Amino acid sequence: QVHLVESGGGLVQAGASLRLSCVASGFIFSNYGMGWFRQAPGAEREFVASVKWSGANTYYSDSVKGRFTISRDNAKNTVYLQMNDLKPEDTAVYSCAKGEVVFSRRPQKFDYWGQGTQVSVSS
């Protein structure tokens, strides 16, 4: 069974950095793109970043581009989200997601999500 477990969230001040981790199991991790999403209170889930199955290509929402970096370590079945220069508007529950299409050139559809980890940024 697909299982995604996020960690690394916390309460930080604006301008701080956090690195989120997502450990995956239940599928051949290296064959699928992975993504990060976030959901703030009262808001819909929002795409943050994604990475190709090989790690060769990454994609970001405009709101985080230049501040966040997605990466993966296929040997560890782990995808990361390095978040720098955090802002209060980044406050949300961050979830990782599994790409639906195997060996996709660009992951756009996702079929499983983890429970998420809370990121809170104070001003």
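Things worth noting here:
- If the condition is being part of a loop (DSSP other than H, G, I, E, B) and basic (Lys, Arg), then region 37-48 contributes only ARG45.
- Single unsatisfied condition, PRO107 versus (1) over 18 Å from VAL5 (Cα atoms); (2) modelled with pLDDT of 95 or more; (3) surrounded by 13 or more Cβ atoms within 10 Å (Cβ to Cβ); (4) out of contact with any helix residue (DSSP H, G or I) (no Cβ under 8 Å at 6 or more places or on another chain): (2)
- Members of region 70-102 that are among the acidic types (Asp, Glu) and surrounded by 22 or more Cβ atoms within 10 Å (Cβ to Cβ): ASP90
- Once region 7-37 is narrowed to residues that are open to solvent by 20 Å² or more (accessible area, probe 1.4 Å), touching a Phe, Trp or Tyr at 6+ places or on another chain (Cβ under 8 Å) and of a type outside the set (Phe, Trp, Tyr), the residue that is nearest to PRO88 (Cα to Cα) is GLY9.
- Pairs where the first residue, in region 110-123, is on the phi > 0 side of the Ramachandran plot and the second is assigned to a strand (DSSP E or B), C-beta under 8 Å, 6+ apart: GLY116/GLU6; GLY116/GLN39; GLY116/VAL93; GLY116/TYR94; GLY116/SER95
- In a residue-by-residue description of region 22-36, the property of being part of a loop (DSSP other than H, G, I, E, B) and in contact with a Leu (Cβ under 8 Å, 6 or more places away or on another chain) applies to no position.
- Beta carbons closer than 6 Å, at least 6 apart along the sequence or on distinct chains, pair a first residue in region 49-60 that is at negative phi with a second that is part of a loop (DSSP other than H, G, I, E, B) and surrounded by 17 or more Cβ atoms within 10 Å (Cβ to Cβ) for SER50/PRO107.
- Flag if ALA43 is farther than 19 Å from ARG19 by Cβ, loosely packed, with under 14 Cβ neighbours inside 10 Å and modelled with pLDDT under 95: no
The values are calculated or read from the model by the stated rules, or taken from the named source; none is laboratory data. Remember, predicted model here, so these are calculated numbers, not experimental data. FYI the Cβ positions are ideal-geometry reconstructions off the backbone, even for glycines, and counts take in every protein chain you see. Keep in mind that these areas ignore ligands, DNA and RNA; they rest on the heavy atoms of the full protein, side chains included. Shrake-Rupley method; radii C 1.70, N 1.55, O 1.52, S 1.80 Å.
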